[in-house]
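Working notes, structure below.
Coordinate-derived values only; no laboratory data. Since we're looking at a predicted model, the values are computed, not measured. Here Cβ is always computed from backbone atoms with ideal geometry, including for glycine, and neighbour counts include all displayed protein chains.
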Amino acid sequence: MATDIKAPTFPESVAEGTVAAWHKKPGDSVERDELIVEIETDKVVLEVVAPEAGTLTEVTAEEGDTVESEQVLGKIGEGKAAGGANKNDKPADAKAEKKAEAPAEKKGDAKAAGGKQHEVKAPTFPESIQEGTVASWNKQVGEAVKRDEVLAEIETDKVVLEVVAPADGALTEIQAEEGSQVESEAVLALFAEGAGGESAASEETASGADEGAEEETVGDKILAPAARKLVAEHDLDVNKIQGTGKGGRILKEDVQKAVKDGSAKKVATQPKAAAGTLEQAAAAAPVVEGERPEKRVPMSRLRQTIAKRLVQAQQTAAMLTTYNEVDMGAVMDLRAQYKDTFLKAHDVKLGFMGFFVKAASEALKRFPDVNASIDGTDIVYHGYQDIGVAVSTDRGLVVPVLRDTDSMKIADVEKGIVDFGKRARDGKLGIDEMQGGTFTITNGGIFGSLMSTPIINPPQTAILGMHKIQERPMAVNGKVEIRPMMYLAVSYDHRMIDGKDAVQFLVTIKELLEDPARLLLDI
């Protein structure tokens, strides 16, 4: 007997929704409570899970269709497509039947060849993170892996989390495909100890080539799923990328190398894809040919979160910005005098950020309102200074936090920033390292910005913007001198901070930087 798959009951304020994505196709087997389709409303994305285990036999609402509350979206028949399917629930076609049978064969073979079975689960997400997206699978079914080797990557709105192998062995089944949304500790795949190896890999190639080739082949190149995503994001020419995987397969690492050395950039005029590969080429790098090319790629979770938080900050905070300028001559002279000695003593270069962090820490102690945060109708005063430092990455802007900066030495600050920058670009930052800051510093000057208005990072109430150092004629003791000047900007929440305090806070930073001895003498 078939079971109806229905849309969720929409709230009163939501009249209808749109079918955003089907995660299963007719003929695919599903487990009870497995995510099967997503409904997008004007407020949230609602997940529809399978009411029973069985086989998806019919889809009555296609992707893009508008549906109402509790409308029937599809039907699930009894039995499973993978081994022992119900006679009345036939797959949509021979290809679906072959795809349905393949996992059962692989699972059985791996189980016979391997030992103890494991469930590969998503990491435990912090309370502030509800779900993540499977960004990439670094290993395929049957491919031999070592203990603690990275199997998959889960992208959340803050960091990328790695899922590692529980033992030596191989994946026997992948249950959460790339792009699917998963919750904390959700089962991603099944794993068998001692399974895999060359024979299993060869068997996988033989039995599953038709299953994955259609999605991964562009021309005569075969792309791993993670590699395909990077190719699309960076708009690369796959024909210029040398694959190092089995059979010349292009791996994620190959694309990253091509991005770094710039060897796979597309030329202005793109050759047309051969007949039969046009659809695959569009999927790998969705570029419209002609004089006015366009490219459409999905917004990453991190970018969505950045957009949401920036808009939220502007809509909820009474944001105002005050400006000043600082003569960087004293700091630059100090750097020039001690940079070599500093490098030998601390094994890190002496930069500008260390001075700014220390100056901001001292100013925050003098103006506690700037170091406070707003929680609903409450003001939270912090008896410590945790300063976030904005770091730009390929994925977007992240803000790791330096803890207790008041007690840190300049060398500790510089080491922390270098470490944050490297791990941020590699996607290795932990979630706890980007939470709980009381103040933020962002440096647009490294990109050449002369002046800008930074946006507050809620629930913080202020942010300092650094800019480019530029020589300008200045009046010094009645004479015109060329001085290295930097514009500073402090954006603040006027609900919490009065203009007088904001201006005096920025003047304090200016004075400490123009006379760095004040930082050492605490005056």
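Which one, G396, Q337, A359, projects farthest toward the positive side of the charge dipole computed for segment 302-521 from Cβ point charges (K/R +1, D/E -1)?
Towards the positive end, the residue furthest out is G396.
Give, in nm to one decimal, the length gained when the segment between K116 and V418 is fully stretched (0.36 nm per residue of separation minus the Cα-Cα distance).
That works out to 104.5 nm of additional length.
Of the cross-linked pairs K240/K415; K252/K358; K339/K428; K146/K428; K409/K468, which ones have a Cα-Cα span greater than 32 Å in the structure shown?
Correct reply: K240/K415; K252/K358.
Between T9 and I446, what is the label-to-label distance in nm when each label sits 7 Å out along the Cα-to-Cβ direction?
Modelled inter-label distance: 5.2 nm.
Go through A318, V370, A475 and say which Cα lies farthest out towards the positive end of the charge dipole of segment 302-521; charges sit on Cβ, +1 for Lys and Arg, -1 for Asp and Glu.
Selected residue: A475.
Give me the net charge for the shell around G499: Cβ to Cβ below 15 angstrom, other residues only, Lys and Arg +1, Asp and Glu -1.
The answer is -2.
How much length is gained if the chain between V503 and K428 is pulled fully straight, taking 0.36 nm per residue apart and subtracting their Cα-Cα distance, in nm to one decimal? Intermediate values should be presented prior to the final figure.
Working: separation 75, 0.36 × 75 = 27.00 nm, distance 3.72 nm.
So the chain would gain 23.3 nm between V503 and K428.
To the nearest 0.05, what FRET efficiency results for Y338 and N477 with a Förster distance of 22 Å applied to their C-beta separation?
Once rounded, the FRET efficiency stands at 0.25.
Using the Cα centre as the reference, give the magnitude of the dipole from point charges on the C-beta atoms of segment 302-521 (Lys, Arg: +1; Asp, Glu: -1; all else neutral), rounded to the nearest 20 debye.
Here the size comes out at about 560 debye.
Using a 10 Å cut-off on Cβ atoms, rank the peptides 356-365, 49-58 from the highest mean neighbour count down.
356-365, 49-58
Any idea how far apart H382 and V72 come out in nm if each label point goes 7 Å out from Cα toward Cβ?
Computed distance between label sites H382 and V72 equals 5.5 nm.
Distance in nm between label sites at R518 and K409, each 7 Å beyond Cα in the beta-carbon direction?
The modelled label-to-label distance comes out at 2.4 nm.
Order 329-341, 137-149 from most to least packed using the mean count of other Cβ atoms within 10 Å.
137-149, 329-341
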